[in-house]
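Worksheet for the structure shown next.
The values are calculated or read from the model by the stated rules, or taken from the named source; none is laboratory data. These figures come from a predicted structure and were not determined experimentally. Here the Cβ positions follow ideal geometry from the backbone for every residue, glycine too, while neighbour counts run over all protein chains shown. When the accessible area is computed, the model is the full protein with side chains, heavy atoms only, and any ligands, DNA or RNA have been set aside. Shrake-Rupley method; radii C 1.70, N 1.55, O 1.52, S 1.80 Å.
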Amino acid sequence: MVEDEPLISGFVERGLSASGHLCTVVGDGESGLDRALSGSFDLVLLDVGLPGLDGFEVLRRLRIENADLPVVMLTAWNSPLDTVAGLNGGANDYIAKPFTFDELLARINLRLRDATHTASSTVEHANIVLDLHSRRVTVGSTEYELSAREFALAEEFLRHPDQVLSRERLLDRVWGMTFDPGTNVVDVYVRYLRAKLGADRIESVRGLGYRLV
């Protein structure tokens, strides 16, 4: 979610979390574009009136690099011309403020369902297969159920195999924390994943983080 109004972003983030989605919030256009281009997100909620790059410019640059990532525009600029500009620029949907959370959630779920028809349903590395639809992981011939956080952590590792991922990065991508609060939650969930993926599949890299091998 790229939104510079803390009251709005906090309200939406809490609602999405309660609905089973993982949400990362940034407050300016440049950061939003960087996150959208990272390959780690399924959908972007994009405000129009942002500091730095406005939402229309973020959308324009994003579509040059990624034509498929669903984007829902959020704006107080609700004239027909603004709506047309957003949709013509490549937005998948457009919702004017103020909005109800139920309406926003319905639009998000619709766009995510649309995206799954064209996106690959699995992420694989070696003999590990992560099914994005069933939210299960298969290791060899054995299938495991994953919690929402375990799944998000496993997906981050499988999308970046053989790369060292710092605790700070994992806190940001999986838990939406942009700072290290001194928690050991990453280490705890890595232990959970090791029990399912194999104890030797996620290496500890001293002083740096973890790596899927």
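When the helix-only estimate is applied to the chain (DSSP H runs of n ≥ 4, each -39,500 (n - 2.57), divided by the residue count), what is the mean residue ellipticity at 222 nm, nearest 500 deg cm²/dmol?
That comes out to -13000 deg cm²/dmol.
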If I model a spin label at PHE99 and GLN163 as a point 7 Å from the Cα along the Cα→Cβ vector, what separation in nanometres do I get? 2.9 nm
Can you divide the C-alpha Rg of the chain by 2.2 N^0.38 Å and report the result to two decimal places? 1.07
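Working out 0.36 nm times the residue gap between LEU7 and ALA76, then minus their Cα-Cα distance, what length gain in nm do you get to one decimal?
Working it through step by step, the gained length comes to 23.4 nm.
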How much of the accessible area of the chain, in percent, comes from carbon and sulfur atoms when a 1.4 Å probe is used? 50 percent
Please compute the per residue accessible area over the chain with all protein chains in place, 1.4 Å probe, rounded to a whole number of Å². 51 Å²
Does a label point 7 Å from the Cα of ARG194, set along Cα-to-beta-carbon, have any residues of segment 158-175 with amide nitrogen under 11 Å, and which are they? none
Extending each Cα 7 Å along its Cβ direction at THR122 and ASN184, get the distance between those two points in nm, one decimal. 3.6 nm
Taking 0.36 nm per residue of separation and subtracting the Cα-Cα distance, what length does fully extending ARG113 through LEU208 add? 30.5 nm
Which shape class applies to segment 96-213: rounded if a/c is under 1.5, otherwise prolate when a/b exceeds b/c and oblate if not, where a ≥ b ≥ c are the square roots of the Cα gyration tensor eigenvalues? oblate
If each Cα of segment 158-207 is one equal point scatterer, what is log10 of I(q)/I(0) from the Debye formula at q = 0.12, 0.14, 0.26 Å⁻¹? -0.26, -0.36, -1.19
With label points built 7 Å along Cα→Cβ from the Cα atoms of ASP34 and ALA67, find their separation and express it in nm. 2.8 nm
